[in-house]
Amino acid sequence: MVTELEPDATDTLVPDIVTYTTLLNIAGRTKHEPSVRKANALLRSSGLKPNRITLLSLMNYHCRKGDLADVRILWYQIQQSGFEPGIEGINSLLFTYNRLGRRDVANAIYTILRYAATQDMEPEHREQTQLAIDYLQATEGIYVPSERPNKITYIGLVQSYAYHGYFVDAIQTFIDMVQALSAGSEKQSITWLMPAYRAIFCGFVRHGQAPNMSEGSSERGWTLDTLHPFFNDFLDLPGEALPSARMLYWILSAFDKCSGNDTEVVADVYVRLVRRFGGGWGGRLKALGLRLSVIEEE
């Protein structure tokens with residue numbers, strides 16, 4: 001006969017740092033400040049030292065809130081504790097500054113990451129990296145270690161730059177990503193390229209200028225002349241690439257806006273998309289094709 005063992009009444013489950021970190025992470029994701037304060041107070045009263053994940057969880061919370069002062073404090077605390085923030089922590093810092101309009105700081109951070117991905121750094125790149133390090137120290141009092149960008153770095157920056165209309169930055173980051181893939185620093189995957197292409201096509205929809213409006217525009221670069229070669233590169237993606245119907249509509253919308261609503265241009269793009277991806281779409285894509293007279297009603 002097997003007797004079920006009863007727990008000793010004197011045994012107590014003592015939360016460890018993983019428990020407190022989990023509480024902080026959950027509270028932070030709710031963006032409910034009283035819950036975060038409560039979880040942080042419990043951690044402090046425990047007497048346990050925060051680990052790397054604990055500090056990154058707290059920093060990510062303040063990143064989401066846009067509290068740059070607290071973000072800087074936690075960044076300093078992470079490094080003073082001997083922890084490496086890693087590319088995950090650097091990405092959070094980078095995106096926070098970019099989202100809050102501190103493009104100067106975001107660009108300096110990316111400069112450090114960008115040249116870390118270079119196999120053989122040229123003297124000019126070393127100089128630019130050092131200038132970026134000095135700038136961050138002088139303006140923000142932070143030090144960003146040299147780490148290789150990852151998928152989130154590239155795609156997040158392309159999306160942000162394209163959304164805000166920074167054409168040159170968006171395209172340069174996109175090119176950096178493609179070069180990183182071709183250099184074999186990361187396994188090439190269509191999952192990297194598709195969201196980046198989508199972000200830039202959305203940038204053309206958001207900031208595109210018709211031919212008669214492009215000259216003198218503050219959004220130079222989002223023009224039909226730059227959209228065409230970018231679209232051609234998109235069509236050259238590997239055969240397994242399959243854009244969503246929504247993405248295809250954004251592509252057509254981009255050409256519509258940048259061409260000044262030229263139906264011949266949009267119709268030509270529609271035909272090329274059908275040839276490349278097969279067609280047979282429904283909804284607004286079908287309605288647009290009928291309106292352009294490039295498909296027939298079944």
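What is region 150-298's relative contact order, in percent, from Cα pairs under 8 angstrom and six or more apart in sequence?
Worked out over region 150-298, it gives 20 percent.
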### Query
Taking the Cα centre of region 150-298 as the origin, how large is its charge dipole in debye, to the nearest 20, when only Lys and Arg (+1) and Asp and Glu (-1) carry charge on their Cβ atoms?
400 debye
#### Entry: Length added when fully stretched, Glu264-Leu290, from 0.36 nm per residue minus Cα-Cα
8.0 nm
### Task
For region 266-298 and region 85-152, write down the distance between their C-alpha centroids in whole Å.
43 Å
### Summary
When the chain is treated as a Gaussian network with springs between alpha carbons less than 10 Å apart, the largest mean-square fluctuation among Asn107, Asn212, Asn261 is found at Asn212
## Note on the structure
Of the candidates Met177, Pro149, Ala210, the farthest towards the positive dipole end of the chain (Lys/Arg Cβ +1, Asp/Glu Cβ -1, centred on the Cα centre) is Ala210
### Message
With unit charges on the beta carbons (Lys and Arg positive, Asp and Glu negative) and the dipole taken about the Cα centre of the chain, which residue among Ala41, Trp192, Tyr20 sits farthest to the positive side?
### Response
Ala41
### Message
Suppose every Lys and Arg Cβ carries +1 and every Asp and Glu Cβ carries -1, with no other charges. What dipole size does the chain come out with about its Cα centre, to the nearest 20 debye?
### Response
700 debye
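For Gln130 and Arg64, calculate 0.36 nm times their separation in residues minus their Cα-Cα distance, and state this gained length in nm to one decimal.
That works out to 20.9 nm of additional length.
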### Message
Could you tell me which residue out of Leu285, Ala254, Leu273 lies farthest along the dipole of region 150-298 toward its positive end? Charges go on the beta carbon: Lys and Arg +1, Asp and Glu -1, centred on the Cα centre.
### Response
Leu285
### Task
Return the label of the correct value of Cα extents along the principal axes in Å, as calculated from the structure shown, out of [x] 77, 46, 35; [y] 80, 66, 38; [z] 70, 49, 31.
[y]
### Set of lysines with alpha-carbon distance to Lys38 below 22 Å, sequence-local pairs under 8 removed
Lys49, Lys65
### Task
Subtract the Cα-Cα distance of Glu33 and Arg52 from 0.36 nm times their separation in residues, and report this length gain in nm to one decimal.
4.7 nm
## Note on the structure
With label points set 7 Å from each Cα along the Cα-to-Cβ direction at Ser244 and Thr191, the distance between them in nm comes to 1.6 nm
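Every number in this text was worked out from the coordinates using simple rules, so none of it is lab data. From a predicted model like this one, the values you see are computed outputs, not experimental measurements. No Cβ is skipped: glycine too gets one built from the backbone with ideal geometry, and neighbour counts run over all protein chains shown.
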